[in-house]
Each structure stands twice: as structure tokens, then as C-alpha cells.
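Peer 1: Starting off with a structure, shown below.
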Amino acid sequence: MRVIFIRHGRTAGNEQQRYVGRTDEELSCAGAEEIRKNSAEGIYPPADIVWTSPMKRCLQTAELIYPKIRARRDEELRECDFGLFEYRNHVEMADDPYYQAWIDSGGKLPFPGGEDGEEFRRRSCGAFLRITEECGEEETTAFVVHGGTIMSVLEKFEEPSFGFYGRQVKNGCGFVCEFDRREKKLKVLRKIGSDTGNAGEKKEEKYD
């Protein structure tokens, strides 16, 4: 079956390089305009079904890209709760020992006061499997979600796997994939947008 992953458009927090998890902010004016421009240029493939996180930034992005399809929301597709790091950026946390310890761990430590990264990945992958099991084999399903959600699913099901940080994706970009439900394997067919991270390339460790 064909699966499309699209990361939501930019928010004010994204533009300031903040960790935007449970914060339910809308797209920025520039972020919404960028999605409209991309849509007008036809970079987003058509879909039969659209699933989103319940967060405003995903719902707004889905509506701009697929205005004729009513998006279906799933709570388990929401972004990670970053706890003490929520809505802060690396500059503000430069002297924070909790942040430095998290960076030194390669992003493997739980977010202090927030969600455990492994649990977040299991949640994201579980939601993806549950949703795709309900979809028809001939239907194209679009997931308009968060960067961390996309990274989690690709890390788990893409073969070969490029790791969690190997499939970072910028706002408004994504991937077109083929998913074998029986084998539970994903194959990336092409990228959406020119700013999508290259497989295997490790960048600054961010989610949303």
C-alpha cells in the first residue's frame, strides 16, 4: 500500500528552534504561506485518506494540502512531551545540566519531567500499524504529523534502517513510501520537498 508522510508546516517555535511537543501552537504566517506555495507547485501527492495528530499545526497543514478530505485525528500520533525542555531552545539551555546530559546520551535519556523517548517511539509505531491495518490495500494514506513521529516509524519499519536521526525531515517536507503490511516493511520511493534530510546523515538532535 502507498503511504505518504508529511511533516507539518512551520510554527513560531520551529522558527526559533524550540522543542515544540505538547505546546499546541498554530502555523506561523510564513509557515502557512510556505505550505500554500508548495501545494500550488504540486509537490504533495494526492491521497485517499488523511490522518493527523490532534495538534493544531498538523490539522492546519492537512487542511491546506488536502482541503477536500476531512482529516481523521489520532491522539497517539501526537508529538513527544519534552518535559523540562518544552518550548526552550539549545541557546536557552546551554548551561542546563539536564540538557547537557541528554545531549551526551545521544538523545537516549528520557526527557526530564516528560516522555520517555522509547515509549514515544512505541506509541508512534503502534498507531501507524493500527491505522494501516484499517486501510484498503489500494488506498493511498497520508500522515500529516510531526517530525518525531515520522522518524520513529521509518526507524522501525524501513529496511535498511537509517536510525532515528537518519530520517530527519524539515517542515512541509516528507516521504512517499510503499508499505508491505504482511512483512511490516517500508520502502521510501521518493522525497517530498528539497529540504528533506538525507538518509544516514546525522544532524542536530531534534524532534519537532
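Peer 1: From the residues in the stretch 71-87 that are touching a residue at least 60 places away in the same chain (Cβ under 8 Å) and in contact with a strand residue (DSSP E or B) (Cβ under 6 Å, 6 or more places away or on another chain), which one is farthest from R123 (Cα to Cα)? Break it down stepwise before answering.
Peer 2: Of all residues in the stretch 71-87, those touching a residue at least 60 places away in the same chain (Cβ under 8 Å) come to 71, 77-82, 85-87.
If we keep only those that are in contact with a strand residue (DSSP E or B) (Cβ under 6 Å, 6 or more places away or on another chain) too, we end up with 71, 77, 87.
On the way: A71: 20, L77: 8, Y87: 22 Å.
Selected residue: Y87.
Peer 1: What are the residues in the stretch 3-21 that are surrounded by fewer than 17 Cβ atoms within 10 Å (Cβ to Cβ) and either assigned to a loop (DSSP other than H, G, I, E, B) or in contact with a Phe, Trp or Tyr (Cβ under 9 Å, 6 or more places away or on another chain) (or both), if any?
Peer 2: Scanning the stretch 3-21 gives Q16, Q17.
Peer 1: I'd like the full set of residues that are in contact with a strand residue (DSSP E or B) (Cβ under 9 Å, 6 or more places away or on another chain) and either of a type in the set (D, E) or without any contact (Cβ under 8 Å) to a residue 12 or more places away in the chain (or both), limited to the stretch 1-32.
Peer 2: Once the filter is applied, which keeps residues that are in contact with a strand residue (DSSP E or B) (Cβ under 9 Å, 6 or more places away or on another chain) and either of a type in the set (D, E) or without any contact (Cβ under 8 Å) to a residue 12 or more places away in the chain (or both), the stretch 1-32 yields E25, E26.
Peer 1: So which helices (runs of 4 or more DSSP H) stay within the stretch 23-121 end to end and still have 3 or more residues that are within 13 Å of V144 (Cβ to Cβ)? So that I can check it myself, show each step before the final result.
Peer 2: Numbers: elements: 29-40, 56-65, 97-104.
In the stretch 23-121, 29-40, 56-65 are the helices (runs of 4 or more DSSP H) which contain 3 or more residues that are within 13 Å of V144 (Cβ to Cβ).
Peer 1: Test of understanding: among G31, G42, which residue is crowded, with 17+ Cβ neighbours inside 10 Å and not charged (D, E, K, R)? It would help to see each step written out before you state the result.
Peer 2: Details: G42 fails: crowded, with 17+ Cβ neighbours inside 10 Å.
Result of the check over G31, G42: G31.
Peer 1: May I pose another question? Evaluate the following for I103: is it in contact with a helix residue (DSSP H, G or I) (Cβ under 7 Å, 6 or more places away or on another chain), β-branched (V, I, T) and on the phi < 0 side of the Ramachandran plot?
Peer 2: So I103 does not fit the description; no.
Peer 1: Could you check L64 against (1) among the hydrophobic types (A, V, I, L, M, F, W, C); (2) out of contact with any helix residue (DSSP H, G or I) (no Cβ under 6 Å at 6 or more places or on another chain); (3) touching a residue at least 24 places away in the same chain (Cβ under 8 Å) and say which number it fails?
Peer 2: Only one criterion in (1) among the hydrophobic types (A, V, I, L, M, F, W, C); (2) out of contact with any helix residue (DSSP H, G or I) (no Cβ under 6 Å at 6 or more places or on another chain); (3) touching a residue at least 24 places away in the same chain (Cβ under 8 Å) is unmet by L64, namely (2).
Peer 1: Moving on. Could you list all residues from the stretch 184-204 that are more than 22 Å from G9 (Cβ to Cβ) and either touching a Cys at 6+ places or on another chain (Cβ under 7 Å) or at pLDDT below 95 (or both)?
Peer 2: Matches in the stretch 184-204: L186, K187, L189, A199, G200, E201, K202.
Peer 1: Quick check on the stretch 174-189. Is at least one of its residues outside any strand (DSSP E or B), out of contact with any Leu (no Cβ under 6 Å at 6 or more places or on another chain), crowded, with 18+ Cβ neighbours inside 10 Å and touching a residue at least 12 places away in the same chain (Cβ under 8 Å)?
Peer 2: No; the residues of the stretch 174-189 include none that is outside any strand (DSSP E or B), out of contact with any Leu (no Cβ under 6 Å at 6 or more places or on another chain), crowded, with 18+ Cβ neighbours inside 10 Å and touching a residue at least 12 places away in the same chain (Cβ under 8 Å).
Peer 1: Follow-up. Within the stretch 146-179, track down each residue that is charged (D, E, K, R) and modelled with pLDDT under 95.
Peer 2: Within the stretch 146-179, E159, R167 meet the criteria.
Peer 1: Are any residues in the stretch 113-128 over 11 Å from C80 (Cβ atoms) and surrounded by 15 or more Cβ atoms within 10 Å (Cβ to Cβ), and if so, which ones?
Peer 2: Matches in the stretch 113-128: C125, A127, F128.
Peer 1: State all residues of the stretch 107-135 that are among the basic types (K, R) and more than 30 Å from R2 (Cβ to Cβ); if no residue qualifies, say none.
Peer 2: Of everything in the stretch 107-135, just one residue is among the basic types (K, R) and more than 30 Å from R2 (Cβ to Cβ), namely K108.
Peer 1: Out of the residues in the stretch 129-143 that are at pLDDT below 95 and of a type outside the set (D, E, K, R), state the one that is surrounded by the most Cβ atoms within 10 Å (Cβ to Cβ).
Peer 2: Filtering the stretch 129-143 for residues that are at pLDDT below 95 and of a type outside the set (D, E, K, R), the one surrounded by the most Cβ atoms within 10 Å (Cβ to Cβ) comes out as C135.
The values are calculated or read from the model by the stated rules, or taken from the named source; none is laboratory data. The structure displayed is predicted, hence computed values, not measured ones. Because the Cβ atoms are built from the backbone with ideal geometry, glycine has one as well, and the counts that use them run over all protein chains shown.
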